[in-house]
1. Is the stretch 45-55 home to any residue that is over 29 Å from Ala101 (Cα atoms), of a type in the set (Phe, Trp, Tyr) and in contact (Cβ under 8 Å) with a residue 12 or more places away in the chain?
2. For the stretch 39-60, how many residues meet the condition of being part of a loop (DSSP other than H, G, I, E, B), open to solvent by less than 40 Å² (accessible area, probe 1.4 Å) and more than 20 Å from Asn112 (Cα to Cα)?
3. Quickly run through the stretch 81-101 and pick out the residues that are over 18 Å from the mean Cα position of the chain (by Cα) and in a helix (DSSP H, G or I).
4. Could you figure out which of (1) touching a helix residue (DSSP H, G or I) at 6+ places or on another chain (Cβ under 8 Å); (2) open to solvent by 40 Å² or more (accessible area, probe 1.4 Å); (3) more than 25 Å from Arg85 (Cα to Cα); (4) among the aliphatic types (A, V, I, L, M) isn't true of Ala24?
5. Which of the numbered conditions does Val115 fail, given that it passes all the others? Conditions: (1) in contact (Cβ under 8 Å) with a residue 24 or more places away in the chain; (2) β-branched (Val, Ile, Thr); (3) open to solvent by 70 Å² or more (accessible area, probe 1.4 Å).
6. For the structure I just gave you, tell me whether Ser122 is at pLDDT 90 or above and either open to solvent by 30 Å² or more (accessible area, probe 1.4 Å) or on the phi > 0 side of the Ramachandran plot (or both).
7. Could we say that Asp82 is without any contact (Cβ under 8 Å) to a residue 40 or more places away in the chain, acidic (Asp, Glu), open to solvent by 100 Å² or more (accessible area, probe 1.4 Å) and out of contact with any Gly (no Cβ under 6 Å at 6 or more places or on another chain) here?
8. Does the stretch 67-77 hold any residues that are surrounded by 14 or more Cβ atoms within 10 Å (Cβ to Cβ) and either at pLDDT 95 or above or of a type outside the set (Val, Ile, Thr) (or both), and which are they?
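The values are calculated or read from the model by the stated rules, or taken from the named source; none is laboratory data. As the structure is a computational prediction, the values presented were derived from the model and not from experiment. For neighbour counting, all protein chains shown are included, and Cβ atoms are generated from backbone atoms with ideal geometry for every residue, glycine included. Only protein heavy atoms, including side chains, enter the accessible area calculation; ligands, DNA and RNA are left aside. Shrake-Rupley method; radii C 1.70, N 1.55, O 1.52, S 1.80 Å.
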Amino acid sequence: KWVKVHLAVDADTQEIVAEVVTEANIGDSKMTGCLLDQIPNRPKRVLADGGYDRSEARQAIKGRKIEHLIPPPRNARYSGSDSARDRAILEIIGLGGDREARSLWGKLTGYNLRVLAETAFSSLKRLFGERFFSKTIDRQKVESRLRCHLINRMKASAT
């Protein structure tokens, strides 16, 4: 049975500040509030991938008065509201609306820092593999938490 690990990474320290393990059928956007609740100091900004481009995730972030940057999907439609999503759509279209425009948008807005979360996933997989040793979801949650703690300790001792 597959499980999903959802992470929040501090862009400044590259420390994993929140993690949640769920069954594979639970989407990223449903875990947004849970991740944010684990972070000790309220973040100023959330950078999240397209999996968080759902009203549920955006409301969880907005309800905590946090700025967010989530790229809209390629087929996103402008709704006419003054939302962060509509502004991102207009900015990407204004830059040309193609793959290059999305890349440039990421650089101009700082979204490219989201790669730090992917780096955290990569570190976890390289050090511990892609599978858990534990068989039950409760034990996998503990194992994931320990892995994140160990990664953070290794990064702290390296600096």
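1. At the first step, the residues of the stretch 45-55 found to be over 29 Å from Ala101 (Cα atoms) are none.
No: the stretch 45-55 contains no residue that is over 29 Å from Ala101 (Cα atoms), of a type in the set (Phe, Trp, Tyr) and in contact (Cβ under 8 Å) with a residue 12 or more places away in the chain.
2. Keep residues of the stretch 39-60 that are part of a loop (DSSP other than H, G, I, E, B), which gives 39-44, 48-49, 53-54.
Applying the additional criterion that residues be open to solvent by less than 40 Å² (accessible area, probe 1.4 Å) yields 39, 43, 48, 53.
Cutting the leftovers down to more than 20 Å from Asn112 (Cα to Cα) gives us 39.
Adding up the residues that qualify gives 1.
3. Asp86, Arg87, Ile89, Leu90, Glu91, Ile92, Ile93, Gly94, Arg99, Glu100, Ala101 - these are the residues of the stretch 81-101 that are over 18 Å from the mean Cα position of the chain (by Cα) and in a helix (DSSP H, G or I).
4. Of everything listed in (1) touching a helix residue (DSSP H, G or I) at 6+ places or on another chain (Cβ under 8 Å); (2) open to solvent by 40 Å² or more (accessible area, probe 1.4 Å); (3) more than 25 Å from Arg85 (Cα to Cα); (4) among the aliphatic types (A, V, I, L, M), Ala24 misses just condition (1).
5. Looking at each condition in turn, Val115 falls short on (1).
6. Yes: the conditions hold for Ser122.
7. Yes: the conditions hold for Asp82.
8. Start the filter on the stretch 67-77 by keeping residues that are surrounded by 14 or more Cβ atoms within 10 Å (Cβ to Cβ), which leaves 68-72, 76.
The answer is His68, Leu69, Pro71, Pro72, Ala76.
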